[in-house]
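First up is the structure itself, then whatever we jot down about it.
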Amino acid sequence: MSKSEHGAAVDRGNRPLSPHLQVYRPQITSVLSIFHRVTGVGNSIGAVLIAWWFIAAATGREAFAIIDGLLTSWIGHLILIGFAFSLCYHLCNGIRHLLWDAGYGFELDEATMSGYIMLIAAGILAVCLILIGALS
């Protein structure tokens, strides 16, 4: 086995990556973790849109008409609904992570159950938030 200048083995054989993508079965915790990152990006994009809306309102009628037209269109409503769910998901999953940080819920069945509970809570919160927005 040859070594690099730092002493690490460079030809470790023809071994597969671990876990190999062809045999790896996603678990709820890994899927929710990936989705947490995705919603973090979505929250950033949503925050930019909301900031653009406020800045445009302070700038003038023409600037406000552009962003208001976007956000009140059907595509804008879809974006805002997605943003509402993204915020609620990120909040609920953040609370779940805080519980993990405190040392609770590490058993496999507890982690799985808390994932499902978090998804249900995020859905309920998002529906409530959307209804409040629609009724106001």
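List pairs: first residue in the range 111-136 and farther than 13 Å from I81 by Cβ, second residue part of a helix (DSSP H, G or I) and among the polar types (S, T, N, Q) anywhere in the structure, Cβ distance under 6 angstrom, at least six positions apart or on different chains.
A111/T29; M118/N93
Since G105 meets every condition but one in (1) free of Cβ contacts under 8 Å to residues at least 12 places away in the same chain; (2) surrounded by fewer than 12 Cβ atoms within 10 Å (Cβ to Cβ), which condition does it not meet?
Going through the list (1) free of Cβ contacts under 8 Å to residues at least 12 places away in the same chain; (2) surrounded by fewer than 12 Cβ atoms within 10 Å (Cβ to Cβ), G105 breaks only (2).
Please note which helices (runs of 4 or more DSSP H) are completely contained in the range 53-136 and include at least 1 residues that are among the β-branched types (V, I, T) and closer than 25 Å to F35 by Cβ.
Working: elements: 61-71, 74-101, 108-135.
Output list reads 74-101, 108-135.
Can you tell which of G7, G13, G60, G69 is exposed (fewer than 13 other Cβ atoms within 10 Å of the Cβ), at pLDDT 90 or above, out of contact with any strand residue (DSSP E or B) (no Cβ under 7 Å at 6 or more places or on another chain) and on the phi > 0 side of the Ramachandran plot?
G60
The values are calculated or read from the model by the stated rules, or taken from the named source; none is laboratory data. Model, not experiment: these values are computed from the prediction. In this analysis, Cβ positions are derived from the backbone assuming ideal geometry, glycine residues included, and neighbour counts consider all displayed protein chains.
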